[in-house]
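These notes concern the structure reproduced below.
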Amino acid sequence: MTRKQRRMTIIGGSLAVLALAAALVLNALRDSIVFFSTPTMVAEKHVQPGKRFRLGGLVQPGSLQRGDNLAVTFEVADGSAKLPVAYKGILPDLFREGQGVVAEGALDANGVFKADTVLAKHDETYMPKDVADALKKQGHWKDDYGAQASGGAKPAATTAQGNSQGAVR
Amino acid sequence: MIAEAGHYALVLALALALIQSFVPMIGARLRDPALMNVARSTALAQLLFVGASFIALVTLHVNSDFSVANVYENSHSMKPLIYKITGVWGNHEGSMLLWVSILALFGGLVAAFGNNLPLSLRAHVLSVQAWIASAFYLFILITSNPFLRIVNPPIEGRDLNPVLQDIGLAVHPPMLYLGYVGFSISFSFAIAALIEGRIDAAWARWVRPWTLVAWIFLTLGIAMGSYWAYYELGWGGWWFWDPVENASLMPWLAGTALLHSALVMEKRNALKVWTILLSILTFSLSLLGTFLVRSGVITSVHAFANDPTRGVFILLILCLFIGGSLSLFAGRATALKQGGLFAPISREGALVLNNLLLTVACAVVLFGTLYPLAMEVLADFKMSVGAPFYNLTFVPLFALLLLAVPFGPMLAWKRGDLLGVTQRLLAAGVAGLVVIAIVWAWTRGGSALAPLAIGLGVFVIAGAVTDIAERTGLLRLPFATTLHRARGLPRSAWGTAFAHAGLGVALIGIVCETTWNSEYIATMKPNDVAQVAGYDLKLDGLLERQGPNYREMIAQFNVSRGGDALSVMTPSKRSFTTRGSSTTEAALLTRGASQLYISLGDVTAEGAIAVRIYHKPMVLMIWWGPVLMAFGGVLSLSDRRLRVGAPKPARAKQRLQPAE
């Protein structure tokens, strides 16, 4: 086998593997990625029941209800819209009313969001980045959420950031 | 005083790194041995000063000196000593200091033990090493100084994030950094080779041990991080395809490819250009990982910082080094001479296939990690790419790779005999098929993929055993001969077998855990019994206890199986007053390779408690696999050390060159 043939074999093999990977990626992109929405976006876009997505917003104060066998329901709000969420299981350590939450699941026929995962990536000064960005975009960003992060002396500012580690899923 | 001394030591280290960046380079140009030797002393001095700076920060944390902002924000006087020390790198500034300390450590090691390197190569390598170091010293001093004082010192600190108050923090980040940063050595060697425009098999022989050391630590670091997440986060997951995990997986994949291609270069003097490119890419992925974790573009458990100036600074470093090294590569690579010929079916060919699949798998992970970020910036919508994506992309590619793994070491160099190898692997293949049949019959009606994957794992392990058996003539020759041969076998052959078998072990663990994991979630009152996978778990009661800097509620479970009492498990929930947050401490009961896992939820108004109980079959094999791989690496490394001194004539010739 000449050098040229050898090189062609290797290049051909590489292209084959690359094509395989590209096909796999394109195929996976069709149905395995999950989009992020807020309650407002859900209301505007008329998301189909059964289509998986991530719902982010604030847990509406007073909406948390615990049922039998670890069933919980609560509402996720983003200032202009609300969406009821049903979940069965143990809520993360950092789940609290009035604070940011991201839930993954799908709408059922009644318009209730059936979550199979609830993430609460925050502590008392922090909320999930997705939620904060979405709220900011809609103009519902309250100053007090960000006050500690943007104002204050340098040590205070890094303190608020230093806190952003509390991710529990 | 200590804080200022630490700060000053860091500034001195920067100054030394700047000298080291230029003087040896100029020395190599002028062929002046004195100037080139400057690299050695500055590298050692740099290590000394960074070490001093790091020890200063540790001392501040141990002494709970809250006049230093970093200590105030991440420590607490009541925190146990071990977490005071590990808390040093449990935050952005401290972990960056650890990063540069390890960088200086590797530079110092090259300086101290690189006596067999040609003088100009060593000068170039240490110079490149110093460029990286200078960039990161500047980054720390300008954007993330850990020694900043607070004007009015508070009395008490804000405590370390409770999730991080665990022994895992003592082991995981240093290990991971030894891996990440260790790849800087192969990067520096690659850049040095490009600058010198000369590269040969000896180059690969010098680079391989360093790559291997970094790879061993990265392997253990990733496995350790995975086990830590498994027991600490409280819901039994051990890999989330989180961007931060991907950030460590990508250098591992590229580094594994590099290990294998350096082998081809060392033995056959081929794949030179590719090996150089892989060295550059591996460290670039380490830098990318540092950027993803440190800049806060991705918010996750590990993202400590979200200060944009830091992100922009690291992005600049990233662009400078990746862009610069790739342009140098583009300009110089064609000048490197072509190496030896080989047929597509040969050991070299198998290693090329290994490299192809590993780099493509790495590219897939890179795509999955960056695609959501790119979409957010370009198309302004958010999405996440999680396990389903990687199951459809990464998993098939890796399955192909695993299928090929047993063939590689058995093919001959230059021209291999695929049919012969297949015949020799027949026993391994039959073992795999038998296991598939048994598992399939045993779990009738279940998923068809799981038995196939377990069979693949068995095939990989049996293939590794076959390789050793073939080499030692096991069952063919008298046992004494076999024993004699086994002793004479190069350590690297044993290393290969262990590392490859480790892959199979991990695969079996992963498949068993994900397929036959059983879960029980309910609220339990005292004296309630939960039945999971044949085990009876009786909740005896709840009790409260005061820890050093937390209060904890402990639930006591009596575990029995078929009426025989086995053990007592005590999961707990800790609430940390300083941060107003709580953590779940899961309880684990190991039975062989399987584990029972209990974590607690909230207490309801009626005094019942929410519990999550898992039975995870063969879960420990997931981490035994990487441990085996790392052990294989260590074996191979011990072989290498003996071999490094071998090609003396070549070395003597190169030594003379500067004097010409």
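Derivation of every value follows stated rules applied to the coordinates shown; laboratory data play no part. In this text, all values refer to a predicted model and were calculated from it rather than measured experimentally. Neighbour counts are summed over all protein chains in view; Cβ atoms, including those assigned to glycine, are modelled from backbone coordinates with ideal geometry.
Data table
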{"quantity": "Cα-centred dipole magnitude for the protein assembly as shown, charges only on beta-carbon of K, R (+1) and D, E (-1), debye, nearest 20", "calculated": "3720 debye"}
{"quantity": "Exercise: per-residue mean of other protein chain Cβ atoms within 10 Å, B:554-561", "calculated": "0"}
{"quantity": "10 Å Cβ neighbours from other chains, averaged over peptide B:394-406", "calculated": "1"}
{"quantity": "As computed over chain B, the Cα convex hull volume per residue (Å³)", "calculated": "182 Å³"}
{"quantity": "Inter-label distance for A:Thr2 and B:Leu449, nm, one decimal - labels placed 7 Å from Cα along Cα-to-Cβ", "calculated": "4.5 nm"}
{"quantity": "Signed unit charges on C-beta, dipole axis of chain B, positive-most listed residue B:Ser67, B:Thr481, B:Gly108", "calculated": "B:Thr481"}
{"quantity": "Positive-end residue, chain B charge dipole about Cα centroid, Cβ charges, pick of B:Met553, B:Tyr83, B:Gly509", "calculated": "B:Gly509"}
{"quantity": "Total charge dipole magnitude, chain B, about the Cα centre, Cβ charges on Lys, Arg, Asp, Glu only, Debye to nearest 20", "calculated": "2680 debye"}
{"quantity": "Cross-link pairs B:Lys538/B:Lys616; B:Lys79/B:Lys525; B:Lys79/B:Lys616 - those with Cα-Cα distance over 22 Å", "calculated": "B:Lys79/B:Lys525; B:Lys79/B:Lys616"}
{"quantity": "Averaged over B:81-94, number of beta-carbon atoms from partner chains that fall within 10 Å", "calculated": "1"}
{"quantity": "Per-pair calculated FRET efficiency, R0 = 60 Å: B:Ala486 and B:Ser560 via Cβ, rounded to 0.05", "calculated": "0.85"}
{"quantity": "A:Asn69 paired with B:Leu403, simple spin-label distance in nm, labels 7 Å along Cα-to-beta-carbon", "calculated": "4.2 nm"}
{"quantity": "Spatial extent of the protein assembly as shown: Rg and Dmax, with the Cα atoms as the point set, Å", "calculated": "28.0, 88"}
{"quantity": "Packing-based order for A:10-19, B:169-178, using average beta carbon neighbours within 10 Å, highest first", "calculated": "B:169-178, A:10-19"}
{"quantity": "Cut-off 18 Å (backbone N to label point 7 Å along Cα→Cβ of B:Ile55), residues of region B:90-110", "calculated": "B:97-106, B:108-109"}
{"quantity": "For region B:1-165, convex hull volume per residue from C-alpha positions, Å³", "calculated": "100 Å³"}
{"quantity": "Ellipsoid semi-axes in whole angstrom, largest first, where each is sqrt(5λ) of the Cα gyration tensor of region B:304-430", "calculated": "39, 24, 10"}
{"quantity": "Two-decimal Rg/Rh across region B:197-404, once Rg and the Kirkwood Rh are taken from alpha-carbon atoms", "calculated": "0.99"}
{"quantity": "Least to most buried among B:Ser67, B:Ser284 (fewest other Cβ within 10 Å first)", "calculated": "B:Ser67, B:Ser284"}
{"quantity": "Peptides ranked, highest mean first, by Cβ atoms within 10 Å: ranges A:61-73, B:518-530", "calculated": "B:518-530, A:61-73"}
{"quantity": "Kyte-Doolittle mean at least 0.5, axial Cα span of 30 Å or more - DSSP H helices of chain B", "calculated": "B:2-30, B:33-62, B:92-113, B:119-143, B:167-196, B:201-232, B:272-295, B:308-332, B:347-378, B:449-472, B:491-516, B:621-644"}
{"quantity": "Label point distance in nm, B:Gln423-A:Lys45, each placed 7 Å from Cα along Cα→Cβ", "calculated": "6.0 nm"}
{"quantity": "Length released on extending from B:Asp602 to B:Glu544, taking residue separation times 0.36 nm less the Cα-Cα span", "calculated": "19.5 nm"}
{"quantity": "For region B:518-616, the Rg and Dmax computed from alpha carbons only, in angstrom", "calculated": "13.6, 44"}
{"quantity": "Distance from region A:30-59 to region B:589-630 (C-alpha centre basis), Å", "calculated": "32 Å"}
